[in-house]
Each structure stands twice: as structure tokens, then as C-alpha cells.
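Presented below is the structure to which this report refers.
The values are calculated or read from the model by the stated rules, or taken from the named source; none is laboratory data. All values derive from a computational prediction rather than experimental measurement. We place every Cβ from the backbone using ideal geometry, glycine too, and count neighbours over all the protein chains shown.
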Amino acid sequence: MKPADQFRLLELSERYADEKLSAAEVAALETELRENAEARTFFAKALHQRAELCFDDSWHTQQAAPVSQATAKPVWWRHAITAAAAACITFGVFWLQSTRDGTVATLIRAQQCQWAGSSLPTVEGARLKPGMLDLIEGLAVLRFDSGAELVLEAPATVEVLDGMNCKLRRGTLVAEVPPQAKGFSIDTKDAKVIDWGTKFGLSAGEDGKYLVQVMEGLVEVDDKTGAATKKLEKGQRVDRGWSQRQMHPSAGDDADAEPSRWQPSIVMDAGDGWQAITTAFGRGKDSYIQSSDKAPSDFGTHPFFRVKHSRDTKPDLNRKGYIAFDLSKFSGRTLEDAELVLTIEPSELGFASFVPDSTFAVYGVLDESADAWEEAGLNWQKAPAHDPAQPESHLPVAAKVKLLGKFEIAQGINRGTRKLRGKDLADFLNADTNQIATLIICRETNETQDSGLVHAFATKENGTRSAPMLRVKVR
């Protein structure tokens, strides 16, 4: 608790004991003490200390002076004793109820959740003591007894410390802190974020990099590496390397972990007449574009391609995925059936709680001359079946593509696969004449507010996840 809050409560305790609080002030005080365990403890201690001073006979003897019956007035300490006893009983009951079992928070929601390595119960509705929660998939909402509420977005590891403090070891969360929980703090490896009644998002990594973004109110960011403390208001953010790492990822040490397993450059026999290729086969390729005046040339080297629809908040952050399959091994043969398989990858950019269940559409590019695109040259100004000037720029030009199908990803899901299978996909591949087919992946669902999640899918550069795969059944 901040010194300012302690002085405020100390003053309130004195006025409460002297019966000088208005009815409205008493009601506000009772609400705060009921909902804030730290304030309850401090307030009860303040009244208890005052009561002890009143019962100190030596202090009372020194202070007492003879007075006539006519000038005698009720001594304040008698009221204080009564008030202190009543307050300690009233607020002590609340304090004992919330602390007798050591719990400090409640897991009020668990959506599509998978957990690993947690030391705390992960059943929805469970009361939580100090300990660790390790969320690997889904969304989970924690409500601390202080009133602070955290939305954990997988993958995330959070350590619950007490009713007013926790530590984000890795991942992303969105915090909403009501007035009675002002001063709620979240630690990361290299920063401490103190909330003053607001809503903000926080992302942090085990390497110390972090991002704080304020949606409402005021947040104080204390950088542990020596940078000056910052106070952030609505719309402001501080980014210590987090976005840079996410925007320019590399396959890293795992680039060659299992290339023969994950990124096969051969035609695979999938059984029952099915064969499979990935974008790593032959002239296959995968990349993405982003609505920016800049023309990045490294998106084709990323371990995932990104997809986002941000029409109403930040239209300069729309993204579309492009993949192409080399069909040369199936030339001259009829495909009876076909299936596209995409592997979902955590992008750790944006907040999942700001995007609802999302629908994605897959389009086939009809103009075969556009199949010659290069990963290094693909950008928002130059891409197949794309017009940066059209209002719905997150979608391709309708006359230049064929809709092959749609799939959905529920809110909070960041792993697994999505498949698209059917006659439209098979017919599109059968109509090919240049032995390469380009597909565009778009998200139709718009985010609900600024900084919504960017969805991501593994590419052939990914060292641990399967590249985009095309399974076909040849007649």
C-alpha cells in the first residue's frame, strides 16, 4: 500500500473513531474495506493501536486534568474504545473470512483452457492461494479479492503472490483494476507495473523484454534496469524490445531441429490413396503482407505468416497470408479430393480478449501469371489479387479469386490445426495449368478494439511446427 493511501486511511480511522464521518463517507469506507483486504488490515490495526493508547493508564493519568462537573465533556477515548471495538469486530470478520484459508483470488473463467505445470487448481470457480498458473492454451480470468481482474492469454505463466500483487513470468494479460484496488501491481523480470485504477495490457518474456499499453486510466511503470519510471495514460505505451522481437522473429536455435519431419521437401504417401506436399516442396512458398507504406522484404523468412483484420481501429495493420504449392508431381492427373492443412502458431502480438471467435476465408488466385510472386518481393503495394485502394483491403479482389472455403478459430486458441477440404478446392487445383497454385488466407472477423490479436500460422521456415500442407487423392 502506498504511503498516501495509508495516511488517508489513518485519517479516516481517526474521524471514524470520533464519529465525524458522514453517512456517505461511512458507506464508501465500508465498501472499500469489504473489497480490499490490505485496506481492511491497515484500518483495523490503526483502530487497535488507538484503542491501546486509550487503555494505557500512565498515558491517561498524564493527560487527565481536574475539571468541574459543569465543564466536564465526554472524553474522546471512550468513544474511540467503542468505535475501535466495533470496527475491529466488523472488519475483522471480513478479514478473517478472506484469509483464514490463505486464498487471495478466484479463477472465475476458463475458456478453451489447457494447463501445464500449474501448482494451483485450474477448475473454473476454484479459490487460489499464492502459487503458479501455467496456461498453454485458451483464456483464463482471475479475480483477486482486492477486486483486480486479470485476463490471461495463452501461452502465459503467472505467479499469484497475494491479493494486491502477482508476477507475469511470460506471456500476455489484460488487467482491469477498480478504484478500490488502486495500487495493484504486476511484476515482470525487468519491470514493475503499478495500476491506479485502470485497464491495461501487459506482455513480458523470460528474457526481460516487455510491453505495457494503457486502454483507460493511469499506470506507473518502474523499469528495473535503471530507466526512469514512467506514468502512462490512456492510449500511451512503453515498449522495451517486445514488439521488435515479435515483429522480426527468426527460426532461432530450432531452425534445423527436425527438418526431415516438419518441413518435408518430398511427396509423402499419406495412405489410402492420399499424397501430401508442403510449401517446402519444389517451388512452394509462403509469406504475408501488411498494410503499410513500407515494403518489408523479410516476411518470407519468418517462421509463421500473420493474418489480421483491423478495419475500424488501425487499418494500417491489416495482414493477409499467401501460400503456393508446387503441383508438378500431379501434372496430367485428376485429383478426386483435396485438403489444406494449416498449423496455428502463437504470434504473441496483440490481445486475444479483443478479438472474438474468428472466421477465416481461403481464396484461390485465378490469374496464373500472378503465381510468379517471390517471397522477398511480396508487399502491400504488390501482391496477387490485391488492391490496396479498395475499401475491404483485408480481402482479395473478388473478380480475381475463387472462394475455396472457410474455417474458424475460437477466441484464445493459439495451437492446433485447421483443415479445409472439399470439391471447390479440388476443382481449383484440377483447373491449374502451370503446375503451381497460389492461395490467400484472410480473416473476416474484425477486432473489437485497438491492439487485437494477430493470428499466425507456421511456414516452411518454422523449426517445430508443420508448414502449410496440401493433401490430395489422385484418381
message = Just to check your reading of the model, which residue among 312, 371 is surrounded by fewer than 20 Cβ atoms within 10 Å (Cβ to Cβ), outside any strand (DSSP E or B), modelled with pLDDT of 95 or more and of a type in the set (Asp, Glu)?
response = 371
Inter-residue pairs, beta-carbon under 7 Å, first at positive phi and exposed (fewer than 15 other Cβ atoms within 10 Å of the Cβ) and in the range 230-258, second modelled with pLDDT of 75 or more and part of a loop (DSSP other than H, G, I, E, B), 6+ apart = 241/209
query = Can you pull out the strands (runs of 3 or more DSSP E) entirely within the range 95-175 that have at least 3 residues that are more than 24 Å from residue 242 (Cβ to Cβ)?
reply = 105-115, 131-144
inquiry  = So the check is Cβ under 7 Å with 6+ separation or different chains; which pairs have a first residue in the range 132-160 that's touching a residue at least 12 places away in the same chain (Cβ under 8 Å) and a second one that's outside any strand (DSSP E or B) and of a type in the set (Lys, Arg)?
reply    = 137/415
task = Kindly indicate which of 428, 457, 407 is at pLDDT 95 or above and touching an Asp or Glu at 6+ places or on another chain (Cβ under 7 Å).
result = 457
inquiry  = Consider the range 434-463. How many of its residues are closer than 28 Å to residue 330 by Cα and surrounded by fewer than 21 Cβ atoms within 10 Å (Cβ to Cβ)?
reply    = 4
note = Counting only strands (runs of 3 or more DSSP E) wholly inside the range 200-308, the ones holding at least 2 residues that are at pLDDT below 90 and small (Gly, Ala, Ser) are 268-271
task = Please verify whether the range 319-340 includes one or more residues that are outside any strand (DSSP E or B), modelled with pLDDT of 95 or more and either buried (at least 23 other Cβ atoms within 10 Å of the Cβ) or touching a His at 6+ places or on another chain (Cβ under 8 Å) (or both).
result = yes
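Rundown of residues vs (1) free of Cβ contacts under 8 Å to residues at least 24 places away in the same chain; (2) touching a Phe, Trp or Tyr at 6+ places or on another chain (Cβ under 7 Å); (3) closer than 19 Å to residue 285 by Cα, yes/no style:
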| site | (1), (2), (3) |
| --- | --- |
| 356 | no, no, no |
| 363 | no, no, yes |
| 366 | no, no, yes |
| 369 | yes, no, yes |
| 380 | no, no, yes |
| 407 | no, yes, no |
request  = Out of 386, 394, report the one residue that is modelled with pLDDT of 90 or more, in contact with a Pro (Cβ under 7 Å, 6 or more places away or on another chain), more than 30 Å from residue 473 (Cβ to Cβ) and not in a strand (DSSP E or B).
outcome  = 386
request  = Could you check, for the range 165-172, whether at least one of its residues is over 24 Å from residue 196 (Cβ atoms) and either surrounded by 17 or more Cβ atoms within 10 Å (Cβ to Cβ) or not aromatic (Phe, Trp, Tyr) (or both)?
outcome  = yes
inquiry  = Can you find a residue that is within 25 Å of the chain's Cα centre (by Cα), surrounded by 17 or more Cβ atoms within 10 Å (Cβ to Cβ) and among the small types (Gly, Ala, Ser) anywhere in the range 410-433?
reply    = yes
